[in-house]
1. Skip the ligands, DNA and RNA, and give the accessible area per residue of segment 1-140 with a 1.4 Å probe, whole Å².
2. Quick check: at a probe of 1.4 Å, how many percent of the accessible area of segment 2-254 sits on carbon and sulfur atoms?
3. Quick query: amide H of His100 versus all other amide H atoms, modeled in the peptide plane; which residues come in under 5 Å with a sequence gap of 5 or more or a different chain?
4. Can you tell me the order of 63-72, 79-88, 229-238, 166-175 when each peptide is scored by its average per-residue count of other Cβ atoms within 10 angstrom, highest first?
5. With θ taken as phi - 60° and the coefficients 6.51, -1.76 and 1.60, list the Karplus ³J(HN,Hα) couplings across segment 159-172 in order, rounded to whole Hz; mark glycine and proline as x.
6. Send over the Kirkwood Rh of segment 41-105, from the inverse of the averaged 1/r over different Cα pairs, rounded to one decimal Å.
7. Any idea what the alpha-carbon Rg over 2.2 N^0.38 Å comes to for segment 88-130?
8. Would you be so kind as to identify which of Cys61, Tyr80, Thr8 lies farthest towards the positive end of the dipole of segment 2-254, taking Lys and Arg as +1 and Asp and Glu as -1 on Cβ and the Cα centre as origin?
Amino acid sequence: MEVLIRDTPLEGAEVAAKVVRKKILEKPHPTLGLATGGTPLKMYQELIRMHNEEGLSFQHCTTFNLDEYVGLPPDNGQSYHYYMKNNLFDHIDLPSDKYHLPDGNADNLRQSCKDYERKIKDVGGIDLQVLGIGANGHIGFNEPTGSFASRTWIKILSEQTIRDNSKYFGPTEKVPYHVVTMGIATIMEAKHCLLIANGAKKADAVRKMIEGAVSASCPASILQMHPRVTVVLDEEAAYLLSAKDHYKWVEANKLDWQKY
Ligand code: F6R
């Protein structure tokens with residue numbers, strides 16, 4: 001894993017956006033996997049800035065989001081459809097038929113999960129998958145002890161994730177218990193994964209992901225088996241890593257073409 005540690009979440013967001021930009025410029029028709037939640041917000045703001053001020057174009061991109069709640073209509077303020085439009089898609093030149101999110105309202109949820117997998121395959125797979133990490137080590141909404149072989153499917157959130165996500169919902173709103181999420185096997189097929197984590201609350205999950213045993217108890221630890229992962233951390237999320245100095249030394253000695 002490539003581990004990039006920055007003093008602040010903002011500096012992390014800037015380098016993460018550069019990773020995305022590099023991928024967009026590298027490929028004529030890049031496919032991006034996208035995440036929601038609090039973590040990637042600053043990176044999306046930086047990508048919007050790059051679009052407005054530097055002419056970064058998303059016109060030839062296709063995107064697939066990791067997950068969506070079951071039962072929230074796309075215009076519900078808590079749905080990930082709404083989040084993506086509000087925080088990214090409405091501010092860039094990505095054509096509206098080029099972005100995809102799992103359909104949490106499909107009449108036939110199981111079929112729509114299969115269709116989602118097929119659509120990803122039809123475009124040749126995901127070139128860069130953006131990920132956050134749950135305090136319990138989940139990626140997408142693949143909670144601890146779920147199968148590493150899982151594919152896009154309907155999952156039930158853990159009680160911890162429901163508590164963690166309740167901060168994004170109003171006091172009278174209920175966090176849905178059910179989600180549709182890309183599976184671990186879907187994520188592992190992305191050619192490059194970019195995982196961002198900030199804050200001390202994520203430090204234990206980050207340590208297990210990078211330096212712990214590969215175990216379904218920490219789903220993100222499977223990324224140790226992926227050939228190309230870039231992890232962007234702020235100092236707080238990195239504070240439990242025992243090889244922190246090594247990761248910084250490796251980054252300081254990168255060859256020019258390896259830098260972002
Ligand atoms: C969101 C997702 C989740 C989040 C994770 C962290 O699409 O797949 O895995 O990345 O729950 O959420 P935040 O960033 O809100 O701490």
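1. Details: 5960 Å² over 140 residues.
Per residue, segment 1-140 has 43 Å² of solvent-accessible surface.
2. Working: 5850 of 11390 Å².
In segment 2-254, the share of accessible area belonging to carbon and sulfur is 51 percent.
3. Placed amide hydrogens put Thr63, Phe64, Asn65 under 5 Å from His100.
4. On the way: 63-72: 21.3, 79-88: 19.5, 229-238: 23.3, 166-175: 10.8.
My ranking of the peptides, most packed first, is 229-238, 63-72, 79-88, 166-175.
5. Taking θ as phi minus 60°, the curve returns 4, 5, 5, 4, 5, 4, 7, 5, 5, 8, 9, x, x, 9 Hz for segment 159-172.
6. Values: mean 1/r = 0.0807 Å⁻¹.
Every distinct Cα pair counted, the radius reaches 12.4 Å.
7. On the way: Rg = 12.1 Å, N = 43, 2.2 N^0.38 = 9.2 Å.
So the Cα radius of gyration is 1.32 times the expected 2.2 N^0.38 Å.
8. The residue sitting farthest along the positive end of the dipole is Cys61.
The values are calculated or read from the model by the stated rules, or taken from the named source; none is laboratory data. These numbers come from a predicted model, not from an experiment. As a convention, Cβ positions derive from the backbone with ideal geometry for all residues, glycine included, and neighbour counts pool all protein chains shown. All accessible areas refer to the heavy atoms of the entire protein, side chains included, with ligands and DNA or RNA removed. Shrake-Rupley method; radii C 1.70, N 1.55, O 1.52, S 1.80 Å.
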